[in-house]
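Notes follow the structure.
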Amino acid sequence: YNVEGMAVFRLADQDFLVYAERAEGLPSTELRWARLSLNPLRFGPFSSARFSAKGSAAGVRPIVALDVDSRGDVYAATAYDPDDDGGPFRSWVSKIGQFRAAPRGDAQFVPSGRFGDVARQDGYKIEGIALRPTTTEVEVYVGTDDENWGAEFRNVAPLP
C-alpha cells in the first residue's frame, strides 16, 4: 500500500528483495522478503515478519528505510513526522535483526528485539539508509528529508 523501505541483498549466492510499509501511526509493520531473479525479473514466494516500533502515536512510521549488510544484518529507520512541514522531526536507526541462510536457498529473518540501538536523530527525519562496510565495522549513512529545512546525506555516529 505505501512502501517506504526497500533493499536488495545477497545471501548464500542468492539475491533477495526486502521491503516494508511505513504504517504511519500503527504499532507495527510487516517486513516482507523473497528471492529475486533479474533476468527475467521474477520473485519467489514471499515470507514475512512483524516489526514493532517503539511507539504507535500519530506520526510514527515504523520503517521508512531499510538496508542489509554483507552479514545479513538488517538496518531500519523509524521516523516521527507530526505532519507539519516545520517539524519537529525525530528518527531512530536500529539493527532490527538478521537474515540467515535457510534450506533450499531461502532466507530466514531472526529479529534482534532491539529498537534505536544504532543512532538517534532529534530534529531530523531520516528517509534513507546506506551501509558502507570497512575492514572493522559497518558505517551507517542516512539521508534526511526535513520538508522546509531541506535534506542532507551524512554518516551517523553510533550511540554510546
| field | Probe 1.4 Å, accessible area per residue of the chain, Å² | value | 54
| field | Theoretical FRET efficiency, 1/(1+(r/R0)^6), r = Cβ-Cβ of D122 and V3, R0 25 Å, to 0.05 | value | 0.45
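Apply 1/(1 + (r/R0)^6) to the Cβ-Cβ distance of E30 and T136, taking R0 = 30 Å, and write down the FRET efficiency to the nearest 0.05. It would help to have the intermediate numbers written out before the result.
Working: r = 34 Å, r/R0 = 1.13.
Efficiency, rounded to the nearest 0.05: 0.35.
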| In the range 102-160, what percent of the accessible surface is made up of carbon and sulfur (1.4 Å probe, ligands and nucleic acids excluded)? | 50
| said: Leaving ligands and nucleic acids out of the surface, order R90, R50 by accessible area at 1.4 Å, largest first. | reply: R50, R90
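I need to check one value: relative contact order of the range 42-160, counting alpha carbon pairs closer than 8 Å and at least 6 residues apart, in percent. Present the calculation step by step, with values, prior to reporting the outcome.
Values: 263 pairs, mean separation 24.4, N = 119.
Rounded, it is 21 percent for the range 42-160.
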| task | With a 1.4 Å probe and every protein chain left in place, tell me how much accessible area R154 has, in Å² to the nearest 10. | result | 50
| task | Give me the number: length gained by fully extending A58 to E152, i.e. 0.36 nm times residue separation minus the C-alpha to C-alpha distance, one decimal in nm. | result | 31.3 nm
| query | Which listed residue (A12, A157, W92) has the Cα farthest towards the positive end of the charge dipole for the chain, taking +1 on Lys and Arg C-beta and -1 on Asp and Glu C-beta about the Cα centre? | reply | A12
| Dipole in debye (nearest 20) - the range 6-160, about Cα centre, beta carbon charges: Lys, Arg +1; Asp, Glu -1 | 760
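Hey, any idea what the orientation-averaged projected area of the convex hull of the range 4-47's Cα atoms comes to, in nm²? Write down the numbers at each step before the final one.
Working: hull surface 14.1 nm².
Spelled out: convex hull of the Cα atoms, projected over all directions, averaged, 3.5 nm².
Using alpha-carbon pairs under 8 Å, 6+ residues apart, how would you state the relative contact order of the range 21-105 in percent?
Numbers: 164 pairs, mean separation 19.9, N = 85.
Once normalised by length, the contact order is 23 percent.
The values are calculated or read from the model by the stated rules, or taken from the named source; none is laboratory data. Values in this document were obtained by computation on a predicted structure and should not be read as measured data. Cβ coordinates were reconstructed from backbone atoms using ideal geometry, including for glycine residues, and neighbour counts include every protein chain displayed. Ligands, DNA and RNA are excluded from the accessible area calculation, which covers all protein heavy atoms including side chains. Shrake-Rupley method; radii C 1.70, N 1.55, O 1.52, S 1.80 Å.
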